[in-house]
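Chemist: Below is one structure. I have some questions about it.
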Amino acid sequence: MIAGIYQWIKNIAFYMILITAVMNVIPNNNYKKYINLFTGIVMIILVISPISSLLGADIRLDTNFIKNIYNQELGNINLDTYEISETGATNLLEEYKVEIGRQVEEIVEKEGYHMVEANITMDEDRESETYGNLEKIGVVLTSGEEEGQRIVVSKIQIGENQVESPEEISVKNVLEDFYNVGLSNINVNIQR
């Protein structure tokens, strides 16, 4: 018991010396009131720690303290998330679309085609649970051999019936496997 009291007094003395040194080193007086508040709270915890350990409240105090810090940090993270501007979020989505376009180009080149055009559609409703998710992919491709010598004309479609070639279906399957987007949300048009 005496050793515990001696350790308690030693902890308080060491803490006071440390805080005095820190306060003398801080050049700006603007932060001293915040440091005083924090160090005062720590001092209160140091002073009441023997009493709380006798009552068995030290574990509950630590748990509640950690839980409150976690909740505070979670609240700060949520506030920071909401503070992202519309422009920042829009720019982020546009960069994401560009990156997906690059990935699609690499994928179709491995399949032996050159990408002429890619249309990437994402959920841009910030209130939606699926915000930022990839919704649709539309690509126009040419066969690989004579890309520089050809003039590409978009496929002309009359009516609702569009018959997909086996090559287009193959590319759709590869993109569907990679991005996990339904086949109905992928449109592939290979120019000949």
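Chemist: Tell me the label-point distance for the pair Asn119, Ser170, using the 7 Å Cα-to-Cβ offset, in nm and rounded to one decimal.
Modeler: With each label point 7 Å from Cα toward Cβ, the separation is 2.5 nm.
Chemist: Then there's this: Report the FRET efficiency, 1/(1 + (r/R0)^6), for Ile12 and Gln72, where r is their Cβ-Cβ distance and R0 is 30 Å, rounded to 0.05. It would help to have the intermediate numbers written out before the result.
Modeler: Numbers: r = 27 Å, r/R0 = 0.89.
FRET efficiency, Ile12 to Gln72: 0.65.
Chemist: Skipping prolines and chain starts, which residues have an amide H placed within reach, meaning under 5 Å, of the one on Glu135, given they are 5 or more residues away or on another chain?
Modeler: Thr121, Met122, Asp123
Chemist: I'd like to compare 29-39, 175-185, 131-141: which one has the highest average count of other Cβ atoms within 10 Å, and what's the full order after that? It would help to have the intermediate numbers written out before the result.
Modeler: Working: 29-39: 10.6, 175-185: 13.8, 131-141: 17.1.
By packing density, highest mean first, the sequence is 131-141, 175-185, 29-39.
Chemist: At 0.36 nm per residue, and after removing the present C-alpha to C-alpha distance, how many nm does the segment from Asn28 to Asp177 gain when stretched out fully?
Modeler: Full extension of this stretch gives 47.8 nm more.
Chemist: Follow-up question, since we're still on this one. In whole Hz and in residue order, list the ³J(HN,Hα) couplings for the range 9-16 that follow from phi through the Karplus curve 6.51 cos²θ - 1.76 cosθ + 1.60, θ = phi - 60°; x for Gly and Pro.
Modeler: Listing the rounded values in order: 5, 4, 4, 5, 5, 4, 5, 4 Hz.
Chemist: Modelled label-to-label distance, Ile51 and Ile5, 7 Å Cα→beta-carbon offset: nm?
Modeler: 1.6 nm
Values quoted throughout were computed directly from the atomic coordinates according to the rules given, and no laboratory measurement underlies them. Bear in mind the structure is a predicted one, so any value in this text is a computation, not a measurement. Here Cβ is always computed from backbone atoms with ideal geometry, including for glycine, and neighbour counts include all displayed protein chains.
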